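Single-structure report; data block below.
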Amino acid sequence: MNARRHLAWALLAASALLVLAGLACGSDGWSWPAWGGEAGVIVSQVRAPRTLGAWLVGALLGLAGAIAQGLFRNPLADPYLLGSASGASLAVVAVLAISAFGGAAVAWSAADGLARLGLVGAAFVGALAGVLLTLVLARGARETSRLLLAGVVVGVVLTALGDLLASAAPEALRGRQVFMLGTTSFLGWDSSGWLAAGLLVILPVAWRLARVLDALTLGEDSAMSLGLALPRWRLVLVAALALATGLAVSQAGLVAFVGLVSPHLVRRWAPAGHGYTVVASTAAGGVLLLAADVLARSLIAPQELPVGVVTAVLGGGYLLWLLFRQRVA
């Protein structure tokens, strides 16, 4: 109990400190936030929404990672496992390719409707479409192993289609690269509003279904013997996973390792049931991505690093450290 309380306070303190750092960190280096004049506009309209948006994107990824690892009973599961990443990437490339070819040439096709959504809307629709295709291929959410295999197949196929489309429209490669590396540069108050609304809807659902994830740790047969309607609740959890991932990806691109590492950190420092793990992983994801965003803004200011590269280095380094410790032990 003490470990859980200490972790909760640590996450709260880290979030507060990182919010202040995000408000003070800009393209001209570090400066104390000013709320008057031109500097106040920069803080209130650029730094503040980006800081809040980065925390919310990380929170959604941490939440999705906790759901995925509990659902598949696999500590290596991440939010992109069911084809959401490849679906979003394909949709973004399609919009960029349509823009490169000219909207008039494809006005008759369904692709033009995708283009009208813009990159954010297309990424969200693509992420959900990838998960839906996985569910169709797996014939629902009855079997975890079939769902996992279908997600891998859908991911490979949609990624290949995206590569093929990008090769046909080289102008789309640059935009796709920005999306694949992840960025928080375009987060504004509207984005933060959508992200916050999604988190307020998805987190209570995931917390309410934490008992299903706890039962799954005993095995599917044992969970069924407890009277749980596993296919139905698994489908709800997949929907929550898809919505959380789709929202995060649509606003910030493919940010690596946050959804994978956040539940690991929570289980390492405060082992608990999935009710606590889901909530703490949400906060840990927000802290990790906001910390990575502050580093991405400040390390080589006035230029910025892609935030996905920073999270990949930090997350990959943490996992390598774990492997090294286990080998030494």
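The values are calculated or read from the model by the stated rules, or taken from the named source; none is laboratory data. Remember, predicted model here, so these are calculated numbers, not experimental data. Cβ atoms come from the backbone with ideal geometry, glycine included; neighbour counts cover every protein chain shown. Protein only, heavy atoms only, side chains kept; ligands, DNA and RNA dropped before computing areas. Shrake-Rupley method; radii C 1.70, N 1.55, O 1.52, S 1.80 Å.
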Whenever you get a sec, compute what percent of the accessible area on the chain sits on carbon and sulfur atoms (1.4 Å probe). 69
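Looking at the square roots a ≥ b ≥ c of the eigenvalues of the Cα gyration tensor of the chain, which shape do they give, rounded for a/c under 1.5, prolate if a/b is larger than b/c, or oblate? Could the numbers behind the result be given before it?
Numbers: a/c = 1.78, a/b = 1.08, b/c = 1.66.
Judged from the Cα gyration tensor, the chain comes out oblate (a/c at least 1.5, b/c at or above a/b).
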Segment 232-329 - percent relative contact order, Cα under 8 Å, separation 6 or more: 29
Value of relative contact order over the chain, rounded to a whole percent, pairs C-alpha under 8 Å and six or more apart: 32
Whole-number percent relative contact order across segment 257-312, with pairs defined as alpha carbons under 8 Å at least 6 apart: 34
Taking just the C-alpha trace of segment 140-240, give me its Rg and Dmax in Å. 19.0, 55
Pair residue 5, residue 153: separation of 7 Å Cα→Cβ label points (nm): 5.1
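Just to be sure I understand the rule: take each whole DSSP H helix in the chain, project its Cα atoms onto its long axis, keep it if the span is 20 Å or more and its mean Kyte-Doolittle hydropathy is at least 1.0. Which ones pass? Mind dumping the intermediate values first?
On the way: long enough: 2-24 (33 Å, 1.19); 48-72 (36 Å, 1.28); 84-101 (25 Å, 1.93); 110-137 (28 Å, 1.85); 144-168 (36 Å, 1.70); 189-208 (29 Å, 0.94); 230-252 (32 Å, 1.27); 274-298 (35 Å, 1.04); 307-328 (31 Å, 1.25).
Membrane-span-like by this rule: 2-24, 48-72, 84-101, 110-137, 144-168, 230-252, 274-298, 307-328.
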Residues meeting the amide H criterion for residue 26 (H placed from the backbone, H to H distance under 5 Å, 5 or more places apart or on another chain) are 31
The chain: most fluctuating residue of 55, 233, 269 per GNM, C-alpha cutoff 10 Å: 269
Label-point separation in nm, residue 30 to residue 44, each point 7 Å along Cα→Cβ: 2.6
For the pair residue 232 and residue 218, how long in nm is the line joining their label points, each one 7 Å along Cα→Cβ? 1.9
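Residues of the chain: accessible area per residue at 1.4 Å, in Å²? If you can, show how the numbers build up before the last one.
Working: 15620 Å² over 329 residues.
I get 47 Å² per residue for the chain.
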